[in-house]
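Taking it in order: structure first as C-alpha cells, then the write-up.
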Amino acid sequence: MLQPDSLIVQDLGVAALIKRRKSRIPLHLSTQGAWFGQGGYRELTDLNISRVILPRELSHTEICALKEAYPDLELEIFVHGAMCYSISGRCYWSIALGSRSGNRGTCAQPCRREYQLNGRPEQATCCFSPKDLRLIDQVTRLQNSGVVSLKIEGRMKGPDYVYQTVKAYREAIDGSSNPQSAMLDEVFSRAAGEGFFNGTAAPEEWRTGSNVGREGALAATATGKNTEGLVELKVVQTLAPGDGVFWFIRGEKQGSRITWVKTDRKRPGYAMVRGLPTSLKAGTEIRRSSQGSSEDWESKWNRDWERRPVDLFWSGHDGTPLAVETVINDHPLRLETDEPLQLALNKGLEAGPLQEKFTVLGDLFKAGRHVTARLDPGLHINGSALKRLKRALVEYICKLEQLPPPREKTSIAEMIMAASENRQVDYSKHFSSEPQPQIRLRVWNQSFPFLRDIHPDCWILPWQGDQSRADRVIHSKIAWWLAPVLTREHFSKVFEQLKTVESGEFLCFGWEAFDLARLLPHLEFSLDWCFNTCNLAAIDYIRGRGVEPVLSREWKDERIPENLTAFRTGSAWNPLVSFSRFTADLPAGKTVQNSHNDRFFQLPVGNGVTATFLEDIPASLTRHGNASLQIDIAISPQENPVQVAKDLNRMLTAFKAA
C-alpha cells in the first residue's frame with residue numbers, strides 16, 4: 001500500500017467516487033481544475049477537498065483575497081518552474097495538433113515553437129513562449145499571505161535540479177542570510193520572471209524571446225583572444241575546473257566542460273581557460289550550467305528519510321522467549337525468538353542493544369518508538385537469535401504492508417447505510433429511446449448577423465449585458481455564453497446583470513456556474529466543454545448541482561454510449577486551442593503559422609482573456625448517438641463570412657438528414 005499523504009484530483013467524478021467510498025485520504029484540487037475562487041466553494045466542501053492548488057495566473061493580491069474569503073481552505077501555489085501560455089487546465093493546443101494532451105500530462109509544448117506572422121519567415125518569433133516562474137524573492141510575502149504550501153514544478157527534471165531548487169527555497173523560507181538562489185540559474189532554467197504575481201505584464205516582460213530552452217547563468221564573455229589552446233574570457237562569475245558551460249553559435253547550442261583556469265593578476269576580471277574552442281568570437285556569452293565544485297546531492301541524501309517508522313513493543317521474562325509486537329496496516333503482528341531470555345552479566349536489552357540492533361528495518365522501514373515497559377530489566381539473549389528475529393520481523397512487515405486494511409466491524413445499521421452510500425449509480429436516466437437531439441450554434445466572434453439565415457435549434461451568443469439587440473435580429477431560440485469569471489469583480493458584474501433577467505440559458509466557462517445556478521434558480525446554467533467533463537460520474541455530480549454540462553472534447557468518441565441523448569457533445573468550425581490571461585499583441589485580423597503550416601488566430605473573449613483558434617474546417621459533423629450537438633464557430637480573418645454561412649448551412653442540412 002502506498003499510503004499517500006493526499007490525492008490530487010481534477011475530475012469531479014473521481015472526487016465524488018472517492019467520497020462515496022468514504023476514503024480518509026485528503027483530497028487536493030489540481031491546478032488543472034482552474035479554480036479562481038469565483039464559485040464552487042460549496043462543491044469543494046461537499047467533495048471533501050481540503051486544499052486547492054491555485055492556477056499560476058493569479059496575482060498576489062488575488063491570492064490574499066481568496067485566503068480572506070475562504071480562511072478554512074488550504075491554498076497551495078506554484079512558485080518555480082515552467083509556465084503554460086494557457087490558463088491552467090484550459091489548453092487544447094497540443095491535442096488539436098496530434099494525440100498528446102496537455103490536460104493529461106503529455107503536452108508537446110506547441111507554445112514554445114516559432115510562429116510566422118502572416119506566413120512571412122522574416123517575421124518569425126516565439127510569440128507564445130512564456131518565461132519560467134521564479135518567486136524565490138517573494139517567499140516572505142507568500143508566507144504572510146496564508147499560503148500553506150509552495151509547489152515547485154519539476155516532474156520531468158533530474159535529481160540535481162530537485163536538490164538545488166528545493167534547497168534554495170528551503171533556505172529562503174528559513175530566512176537564511178545567504179540563500180543559494182544563484183544556483184537556480186545553473187540547474188535547468190529558461191528565462192525567468194514573476195509571472196502574474198504583480199498583475200499582468202507587457203509581452204516583452206513575459207516572453208522568453210528566441211531562446212525558449214535552458215539559459216543557465218551568464219559566467220563570462222569571450223574576448224576573441226587565444227593562445228596555445230587557452231581562451232581568454234572576461235569573467236562575470238568565478239570559474240573553476242569542472243564547471244559545465246555552453247554557448248550559442250548562429251542559434252545552435254554548444255557546450256563543454258572547463259578543465260583549467262588561470263586568472264590574470266594584471267587585469268582583474270579576466271582569465272585564461274582550457275576546454276573551450278579557440279574559435280570563439282569576441283562577445284560570445286559563456287553560460288554556466290553546473291559547477292564542478294558544487295556539492296554532490298547524493299552525498300547529502302539520507303536514506304533514512306525514505307524509511308517509514310514502525311513502533312515496536314517488547315515483552316519477556318527470564319526463561320521465556322523475547323517477544324516483539326507491532327501493527328502494520330491495521331494488522332497486528334507478534335513474533336518471538338526461538339531461544340529464551342537469560343539474566344544479563346552486564347546491561348540488559350532495554351538499555352541499548354534493542355535500539356542498536358533494530359534501528360533500520362530493511363530498505364523501507366525503521367524503528368520508531370521502542371516500548372519496553374513489559375520487558376523485565378537486566379535480561380539478555382544470544383545475538384544470533386536477535387538476528388533471526390529481525391529477519392522475520394522485516395519479512396512480515398513487508399508482507400503486511402502489501403495487504404489492504406482488515407474490514408472494520410460495524411453494526412447492522414452502519415452496514416446498511418454504507419451499502420446505500422456505495423451503491424452502483426444508475427445512469428439510465430441519461431439515456432432515452434425517444435431521441436430529441438438539438439443543434440446549437442455558438443458564435444465566438446462578437447458580430448453575428450451574417451449567420452442569421454441559418455436556423456439551428458438554438459443560437460449561443462456572447463453575453464454583453466443586454467438581450468434586446470439579438471432578439472430583434474434572430475428569431476430562433478437564443479442562449480448566451482458568459483466571459484470567463486476570474487475575479488470577484490467579474491462575478492459581481494455578471495450577477496448584477498443577470499438578476500434583472502426574467503428567463504434564459506447561460507453557458508459558463510468554469511466554477512461560477514454552480515454559484516450562479518444556486519443564486520439565480522429561475523435561470524438555466526450549463527458548463528462548457530472546456531471544464532473537461534469526461535465521464536458519467538462527473539456528469540452525474542454536475543447535474544446534481546443544477547448545472548448541465550457539455551462533454552469534453554477529450555472524451556473519446558468510442559467511449560461515448562451509443563444511446564445517449566440527454567447529453568451535449570461538441571464540434572467546432574476552427575477549434576479553440578487555448579484560453580490565455582497573458583497580454584496579447586498580435587495585430588488584429590492577422591494570423592500566425594508554425595513550420596507545419598498550421599494557421600492560428602486570436603479573438604478576445606472578455607475579462608482580459610484571449611482565445612487562440614486553429615484554422616481547421618471539419619469535413620462533416622459527427623453524430624454521437626442521439627446527443628445534442630454544440631457547434632462552436634470562429635470566423636478566421638482569412639475567411640469570407642458569407643461563404644462560411646453557406647458551407648455551414650450545407651453541412652447542417654446533411655447532418656440533419658443523416
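The values are calculated or read from the model by the stated rules, or taken from the named source; none is laboratory data. Bear in mind the structure is a predicted one, so any value in this text is a computation, not a measurement. Neighbour counts run over all protein chains shown; Cβ positions are idealised from the backbone, glycine included.
Among the residues of segment 239-256, are any at pLDDT below 90, surrounded by fewer than 14 Cβ atoms within 10 Å (Cβ to Cβ) and on the phi > 0 side of the Ramachandran plot?
Yes, segment 239-256 contains a residue that is at pLDDT below 90, surrounded by fewer than 14 Cβ atoms within 10 Å (Cβ to Cβ) and on the phi > 0 side of the Ramachandran plot.
Only one of (1) of a type in the set (D, E, K, R); (2) surrounded by 18 or more Cβ atoms within 10 Å (Cβ to Cβ); (3) in a loop (DSSP other than H, G, I, E, B) is not met by Asp72, so which one is it?
(2)
Being out of contact with any Cys (no Cβ under 7 Å at 6 or more places or on another chain), polar (S, T, N, Q) and at pLDDT 90 or above: is that true of Thr263 here?
The answer is no for Thr263.
Considering Leu335, Leu341, Leu354, Leu276, which residue is surrounded by 16 or more Cβ atoms within 10 Å (Cβ to Cβ), at pLDDT 90 or above and within 43 Å of the chain's Cα centre (by Cα)?
Only one candidate passes the filter, namely Leu276.
So, in segment 578-596, how many residues would count as being within 19 Å of Gln109 (Cα to Cα) and of a type in the set (Gly, Ala, Ser)?
So the count comes out to 4.
If I ask for residues that are outside any loop (DSSP other than H, G, I, E, B) and surrounded by fewer than 19 Cβ atoms within 10 Å (Cβ to Cβ), which ones from segment 112-141 would you list?
Arg112, Leu117, Arg120, Pro121, Glu122, Gln123, Ala124, Thr125, Asp137, Gln138, Thr140, Arg141
Only residues that are without any contact (Cβ under 8 Å) to a residue 24 or more places away in the chain, among the β-branched types (Val, Ile, Thr) and assigned to a strand (DSSP E or B): list them for segment 311-359, please.
Correct list: Val327 only.
Among the residues of segment 84-114, write down those that are of a type in the set (A, V, I, L, M) and within 16 Å of Trp555 (Cβ to Cβ).
Matches in segment 84-114: Ile95, Ala96.
Restricting to segment 370-385, give me the number of residues that are without any contact (Cβ under 8 Å) to a residue 60 or more places away in the chain and within 50 Å of the chain's Cα centre (by Cα).
The number of residues fulfilling the criteria is 3.
Of the residues Lys499, Lys493, which is among the basic types (Lys, Arg) and at pLDDT 95 or above? Talk me through it step by step, then tell me what you get.
Details: Lys499 fails: at pLDDT 95 or above.
Being among the basic types (Lys, Arg) and at pLDDT 95 or above holds for just one of Lys499, Lys493, which is Lys493.
For segment 240-252, indicate whether the set of residues that are within 35 Å of the chain's Cα centre (by Cα), closer than 26 Å to Gly81 by Cβ and assigned to a loop (DSSP other than H, G, I, E, B) is non-empty.
Among the residues of segment 240-252, at least one is within 35 Å of the chain's Cα centre (by Cα), closer than 26 Å to Gly81 by Cβ and assigned to a loop (DSSP other than H, G, I, E, B), which makes the answer yes.
Pairs under 9 Å by beta carbon, first residue more than 18 Å from Trp481 (Cβ to Cβ) in segment 433-456, partner modelled with pLDDT under 60, six or more apart or different chains?
Short answer, once both residue conditions are applied: Ser433/Asn563; Ser433/Thr565; Glu434/Thr565; Pro435/Asn563; Pro435/Thr565; Gln436/Thr565; Pro437/Thr565.
Does Glu62 satisfy being under 26 Å from Gly102 (Cα atoms), surrounded by 24 or more Cβ atoms within 10 Å (Cβ to Cβ) and either of a type in the set (Asp, Glu) or in contact with a Phe, Trp or Tyr (Cβ under 6 Å, 6 or more places away or on another chain) (or both)? Step through it out loud before you land on a result.
Working: under 26 Å from Gly102 (Cα atoms): yes; surrounded by 24 or more Cβ atoms within 10 Å (Cβ to Cβ): no; either of a type in the set (Asp, Glu) or in contact with a Phe, Trp or Tyr (Cβ under 6 Å, 6 or more places away or on another chain) (or both): yes.
Spelling it out, it is not the case that Glu62 is under 26 Å from Gly102 (Cα atoms), surrounded by 24 or more Cβ atoms within 10 Å (Cβ to Cβ) and either of a type in the set (Asp, Glu) or in contact with a Phe, Trp or Tyr (Cβ under 6 Å, 6 or more places away or on another chain) (or both).
Looking at segment 635-653, is at least one residue under 30 Å from Asp515 (Cβ atoms) and at pLDDT 85 or above?
no
Examine segment 79-88 for a residue that is touching a residue at least 12 places away in the same chain (Cβ under 8 Å), under 21 Å from Glu57 (Cβ atoms) and in a helix (DSSP H, G or I), and state whether such a residue exists.
no
Of the conditions (1) surrounded by 14 or more Cβ atoms within 10 Å (Cβ to Cβ); (2) modelled with pLDDT under 85; (3) not aromatic (Phe, Trp, Tyr), Glu232 fails just one. Which one is it?
That leaves (2) as the condition not met.
Residues of segment 598-622 being touching a residue at least 60 places away in the same chain (Cβ under 8 Å) and outside any strand (DSSP E or B), which ones?
Asp598, Asn607, Gly608, Asp616, Thr622
Mind telling me which of the residues Ala588, Ala584, Ala566, Ala572 ends up being aliphatic (A, V, I, L, M), in a loop (DSSP other than H, G, I, E, B) and more than 22 Å from Ala124 (Cα to Cα)? Spell out how you get there, then give the answer.
Details: Ala588 fails: more than 22 Å from Ala124 (Cα to Cα); Ala584 fails: more than 22 Å from Ala124 (Cα to Cα); Ala572 fails: in a loop (DSSP other than H, G, I, E, B).
Exactly one of Ala588, Ala584, Ala566, Ala572 is aliphatic (A, V, I, L, M), in a loop (DSSP other than H, G, I, E, B) and more than 22 Å from Ala124 (Cα to Cα), namely Ala566.
State all residues of segment 585-616 that are hydroxyl-bearing (Ser, Thr, Tyr) and touching a helix residue (DSSP H, G or I) at 6+ places or on another chain (Cβ under 9 Å); if no residue qualifies, say none.
Passing the criteria: only Thr612.
Among the residues of segment 494-513, is there at least one that is assigned by TED's automatic domain parsing to the domain that holds Ser628, outside any loop (DSSP other than H, G, I, E, B) and of a type in the set (Gly, Ala, Ser)?
Checked segment 494-513: at least one residue is assigned by TED's automatic domain parsing to the domain that holds Ser628, outside any loop (DSSP other than H, G, I, E, B) and of a type in the set (Gly, Ala, Ser).
So in segment 102-111, with the set limited to residues that are small (Gly, Ala, Ser) and surrounded by 15 or more Cβ atoms within 10 Å (Cβ to Cβ), which one is nearest to the chain's Cα centre (by Cα)?
The residue in question is Gly102.
Kindly indicate whether Ser30 is without any contact (Cβ under 8 Å) to a residue 60 or more places away in the chain, more than 30 Å from Leu400 (Cβ to Cβ) and either surrounded by fewer than 22 Cβ atoms within 10 Å (Cβ to Cβ) or out of contact with any His (no Cβ under 6 Å at 6 or more places or on another chain) (or both). Can you show your working first?
On the way: without any contact (Cβ under 8 Å) to a residue 60 or more places away in the chain: yes; more than 30 Å from Leu400 (Cβ to Cβ): yes; either surrounded by fewer than 22 Cβ atoms within 10 Å (Cβ to Cβ) or out of contact with any His (no Cβ under 6 Å at 6 or more places or on another chain) (or both): yes.
Criteria met by Ser30.
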